[in-house]
1. With respect to Leu71, determine if the residue is closer than 24 Å to Met1 by Cα, in a helix (DSSP H, G or I) and free of Cβ contacts under 8 Å to residues at least 12 places away in the same chain.
2. Look at Gly211 and say whether it is part of a helix (DSSP H, G or I) and either touching a Leu at 6+ places or on another chain (Cβ under 8 Å) or in contact (Cβ under 8 Å) with a residue 40 or more places away in the chain (or both).
3. Provide a single number: the residues in segment 118-134 that are small (Gly, Ala, Ser) and buried (at least 16 other Cβ atoms within 10 Å of the Cβ).
4. Of everything in segment 49-68 that's assigned to a helix (DSSP H, G or I) and polar (S, T, N, Q), which residue is most open to solvent (accessible area, probe 1.4 Å)?
5. Kindly provide the set of residues from segment 1-31 that are under 29 Å from Tyr96 (Cβ atoms) and not in a helix (DSSP H, G or I), ordered by number.
6. Of all residues in segment 67-94, which are more than 13 Å from Phe46 (Cα to Cα), modelled with pLDDT of 85 or more and of a type outside the set (A, V, I, L, M)?
7. Mind telling me which of the residues Ile32, Ile48, Ile52 ends up being free of Cβ contacts under 8 Å to residues at least 12 places away in the same chain, among the β-branched types (Val, Ile, Thr) and more than 28 Å from Phe151 (Cβ to Cβ)?
8. Restricting the search to segment 13-48, which residues are over 30 Å from Thr95 (Cα atoms) and either charged (D, E, K, R) or open to solvent by 40 Å² or more (accessible area, probe 1.4 Å) (or both)?
Amino acid sequence: MGIAHKLRDKFAAFSSVFVAGAIAIFYFTIGIAFHDYKLFSQTTAFIIMVLITGFSCFISLSYNRKELAILSLIGGFAVPFMVSTGEGNYVVLFTYILILDLGILAIAYFKKWNILNILAFVFTILLYCSWMVTDVFGAKPHYLGALLFGFAFYLVFIAMNIINNVRNKGSFTVIELSILVSNTFVFYAAGMVILSNYHPEFKGLFTTLLGVLNFGYAAILYKKFHLDKTAAYLLIGLTLTFITLAIPVQFEGNYITLFW
């Protein structure tokens with residue numbers, strides 16, 4: 001870090017390589033101290049690594065280097081694995097991931113580093129889905145917690161896409177539209193899996209509410225913020241899709257025909 005500080009004015013790109021190496025060493029040092037030498041508790045190791053993540057975010061802003069911000073994101077998502085003992089506390093884990101996502105999205109918003117949005121979305125979805133599948137079909141499932149955290153992640157990434165577009169006052173890119181659709185359907189799939197084992201009678205209501213939410217986004221953002229028409233039509237299309245799906249999900253037999 002000292003060498004990087006000395007070189008950052010004249011050799012910005014080169015100094016960022018030293019910063020990346022330093023941050024990696026910080027993470028590995030704490031991980032080894034915790035796992036191999038038992039120098040401090042899991043909570044202490046976790047707090048130290050969170051501070052390292054915060055410090056690396058600050059450095060990425062100070063150096064104005066997107067590469068360092070990406071490293072901070074990867075390091076932040078790796079922290080739970082580096083301090084894991086195999087017991088698992090999903091509330092602490094997902095609360096941390098939510099805070100990390102909000103911090104990373106704030107950096108991406110102010111610095112216009114959209115790659116951070118994409119990586120945060122991918123890592124969050126992979127982490128949440130892998131945990132959910134294991135937990136829901138496990139011995140002691142946490143249905144309500146899985147549903148609430150899934151909804152929280154869904155809202156964060158819906159807000160990410162919409163806020164960025166309102167700020168830029170432009171059309172949605174293909175990637176942004178893809179995230180918008182995949183975010184909605186991943187949450188819907190997760191919700192249906194959870195409700196199938198938790199309260200199957202609410203699956204139709206859940207489907208309908210998701211459609212209503214999408215219509216609400218489209219109506220408010222189109223009228224108030226002049227949302228891009230393509231995105232508005234996409235949200236309305238999602239609304240019609242979920243309202244249509246709700247019929248066979250909730251009803252049986254002649255009632256389905258009646259609603260059609």
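1. On the way: closer than 24 Å to Met1 by Cα: yes; in a helix (DSSP H, G or I): yes; free of Cβ contacts under 8 Å to residues at least 12 places away in the same chain: no.
In short, no.
2. Answer is yes for this residue.
3. Here is the first cut: in segment 118-134, the ones small (Gly, Ala, Ser) are 120, 130.
Now restrict to residues that are buried (at least 16 other Cβ atoms within 10 Å of the Cβ): 120.
Count: 1.
4. At the first step, the residues of segment 49-68 found to be assigned to a helix (DSSP H, G or I) are 49-63, 66-68.
Next, from what is left, pick out any that are polar (S, T, N, Q): 53, 56, 60, 62.
Working: Thr53: 8, Ser56: 1, Ser60: 1, Ser62: 61 Å².
The selected residue is Ser62.
5. Hit for segment 1-31 is Met1, nothing else.
6. If the condition is that a residue be more than 13 Å from Phe46 (Cα to Cα), modelled with pLDDT of 85 or more and of a type outside the set (A, V, I, L, M), then Glu67, Ser72, Tyr90, Phe94 are the ones that fit.
7. Ile32
8. Listed by number, the residues that qualify are Ala13, Phe14, Val17, Phe18.
The values are calculated or read from the model by the stated rules, or taken from the named source; none is laboratory data. In this text, all values refer to a predicted model and were calculated from it rather than measured experimentally. Note that each Cβ is placed from the backbone with ideal geometry, even for glycine, and that neighbours are counted across all protein chains shown. What goes into the accessible areas is simple: the full protein's heavy atoms, side chains included, and nothing from ligands, DNA or RNA. Shrake-Rupley method; radii C 1.70, N 1.55, O 1.52, S 1.80 Å.
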